[in-house]
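Take a look at the structure below.
The values are calculated or read from the model by the stated rules, or taken from the named source; none is laboratory data. Only a predicted model underlies this, so the values are computations on that prediction, with no experimental measurement involved. Neighbour counts run over all protein chains shown; Cβ positions are idealised from the backbone, glycine included. Protein only, heavy atoms only, side chains kept; ligands, DNA and RNA dropped before computing areas. Shrake-Rupley method; radii C 1.70, N 1.55, O 1.52, S 1.80 Å.
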Amino acid sequence: MKNQLLVSLLFFFIIISHDCVESRMPHLRTNGLASSNSKNYLTRKAIWFNQTLDHFSPINHIRFQQRYYEFLDYFRAPDGPIFLKICGEASCNGITNDYLGVLAKKFGAAIVTLEHRYYGKSSPFNTLSTENLKYLSSKQALFDLAVFREFYQESLNKKLNRSKTDNPWIVFGVSYAGALSAWFRLKFPHLTCGSLASSAVVQAVYNFTDFDKQIGESAGPDCKSALQETTKLVEEKLASDKTAVKTFFDAAQLKNDGDFLYFLADAAVTAFQYGNPDILCSPMVEAKKTGKNLLDTYASYVKDYYLGTLGVGVQTYDQQYLKRTALSENSGDRLWWFQVCTEVAYFQVAPLNDSIRSSKVNTRHVNSLESSVNLSLDVFSCKMVPKQIAKRKYHLDLCRNVFGEGIYPDVDATNIYYGGTKLAGSKIVFTNGSQDPWRHASKQTSSPDMPSYVISCHNCGHGTDLRGCPQSPLRLEGDATNCSSPDAVQKVRQQVIERIDLWLSECQDGGRSYI
């Protein structure tokens, strides 16, 4: 183990001068939206920190190098707040110039951000075998944030020539990082005054049919009908000449039909998720009305926008590619699937009726020994598992194929540990876009200590409150003028500002913030 970590550290010195390409996540594409253009970042100057590898072992004291960034231009020294922006499931190449910068300027805050363990250049290992991924989890990541928070506060105190003083901290995150933001406040309330959990996927879900239902609602009846017809045409072409139809979409490398169908479904999802629905629906509806070939129209969208403008790699969906264990710029794909396959699932599957996504991604797997109650026999692991697991054949086959036997997400354990949408934290704000399918894994019902705001507008999607509309290319400072209802975005932002102002006043009055 020690030799392996020494090799890993050597690897860091080799690659430290090179930028990592942002990974494209098969489920939550949340960090691949900012180009390398320097104006898209407040800072790209990396700093390094020695992090504990296993926070839950009393005898394993091995450490690894973790990357972080700081932006102090707006910091009101010495007592200004510190905004901890959580990086999620991708390479963290700097502090993005989104709406958080506006908030930092308003409140005189420093911004710091810590790269998630294993992603980007913060990997403890130079090979990503399933065995080496055992320290990759949200639980370990939360402790990383807690340890880093204490380290950074001590470092700041030294710079300011003081001791035993805490600045008020507020935590921010979008999507999975939004869930981490909420969970951090839940698990470490004494380390933060409050949390903004934007589009926070706090509920682990096996059978995530609500995801596709939301896509249908966001699309509207005409666009939905066109997409459903396109899915049927693709399925027919797959049955007659699968090589030709995959080549037509520039996806011939996807030998697994399920991977190909998942790729096509995700391409549509992105338009709604990131606040640009018209770029897909306008040409699709027009093609259907005028009798144009829907496959041609959809293929143009996939190739020109999804693969072209957004730069999504087809290999992201290729299980053979996901099985690669060598550490590289694109390792984030494998890493996120490991978290999906062990903790949170979010299995996007077709609803039983009226689905846009192909039902072949949701093939029911039944064997003769299946129980009629709550358990069934998994023929791959020879274990009795919850019945809903047996129904998710495409996703579970992927987990088993990519990571090995016995790998599947225990969503019940995840939701018991964090509380799902019933998590019992305080001073957490949840924000969601009305077009965003991921909001159905977020908290959408307000409570006194955890208000939830849904931004209702035509193109308000994933993380709109921090990113604006649309999100690709990045809207500098979270510019919301291109949202169909900028006033709706501003209203939510104002509510967030009022909460932060309240939390900071309470934190400063009483020292560290306790429940």
So, in the range 285-311, exactly how many residues are within 24 Å of K232 (Cα to Cα), open to solvent by less than 30 Å² (accessible area, probe 1.4 Å) and within 28 Å of the chain's Cα centre (by Cα)? 6
Starting from the range 109-125, keep only residues that are farther than 15 Å from L145 by Cα, then list their pairs with residues that are crowded, with 23+ Cβ neighbours inside 10 Å and acidic (D, E) whose Cβ atoms are within a distance under 8 Å, requiring at least 6 positions of separation or different chains. K121/E115
Return yes or no: is S447 among the small types (G, A, S), over 27 Å from P351 (Cβ atoms) and surrounded by fewer than 16 Cβ atoms within 10 Å (Cβ to Cβ)? yes
So which of G216, G220 ends up being within 26 Å of the chain's Cα centre (by Cα), surrounded by fewer than 15 Cβ atoms within 10 Å (Cβ to Cβ), at pLDDT 95 or above and not aliphatic (A, V, I, L, M)? G220
What pairs come up if the first residue lies in the range 403-427 and is closer than 23 Å to K134 by Cα, the second is open to solvent by less than 30 Å² (accessible area, probe 1.4 Å) and in a loop (DSSP other than H, G, I, E, B), and their beta carbons are under 6 Å apart, counting only those six or more places apart or on different chains? E405/S381; G406/S381; V411/A204; V411/Y206; T414/A204; N415/A204
Just name the residue that is nearest to F143 (Cα to Cα) out of those in the range 42-69 that are in contact with a strand residue (DSSP E or B) (Cβ under 9 Å, 6 or more places away or on another chain) and part of a loop (DSSP other than H, G, I, E, B). L53
Take the residues of the range 70-100 that are under 17 Å from L142 (Cα atoms) and part of a strand (DSSP E or B): which is farthest from the chain's Cα centre (by Cα)? F83
What's the total number of residues in the range 130-160 that are more than 30 Å from K443 (Cα to Cα), modelled with pLDDT of 95 or more and in a loop (DSSP other than H, G, I, E, B)? 1
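Of everything in the range 106-129 that's outside any loop (DSSP other than H, G, I, E, B) and open to solvent by less than 10 Å² (accessible area, probe 1.4 Å), which residue is nearest to I407 (Cα to Cα)?
L114
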Please enumerate the residues belonging to the range 455-486 that are within 16 Å of I279 (Cα to Cα) and open to solvent by 50 Å² or more (accessible area, probe 1.4 Å). H458, P473, N482, S484
Could you list, in sequence order, all residues of the range 433-444 that are over 14 Å from the mean Cα position of the chain (by Cα) and open to solvent by less than 40 Å² (accessible area, probe 1.4 Å)? G433, S434, Q435, K443
Count - residues of the range 42-71 that are under 23 Å from A197 (Cα atoms) and open to solvent by 20 Å² or more (accessible area, probe 1.4 Å): 3
Quick check: is even one residue across the range 499-506 outside any loop (DSSP other than H, G, I, E, B) and either within 20 Å of the chain's Cα centre (by Cα) or not assigned by the TED database to the domain that holds A182 (or both)? no
Any residue at all in the range 53-68 that's under 22 Å from the mean Cα position of the chain (by Cα), among the charged types (D, E, K, R) and closer than 23 Å to K158 by Cα? yes
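Can you confirm whether F172 is open to solvent by less than 10 Å² (accessible area, probe 1.4 Å) and either under 15 Å from the mean Cα position of the chain (by Cα) or of a type in the set (G, A, S) (or both)?
yes
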Kindly establish whether L233 is over 16 Å from N353 (Cα atoms), open to solvent by 10 Å² or more (accessible area, probe 1.4 Å) and aliphatic (A, V, I, L, M). yes
Please list, ordered by first then second residue, the pairs with beta carbon atoms under 7 Å, 6 or more apart or interchain, first in the range 253-273 and touching a residue at least 12 places away in the same chain (Cβ under 8 Å) and β-branched (V, I, T), second open to solvent by less than 10 Å² (accessible area, probe 1.4 Å) and in a helix (DSSP H, G or I). V269/I215; V269/P437; T270/Y306
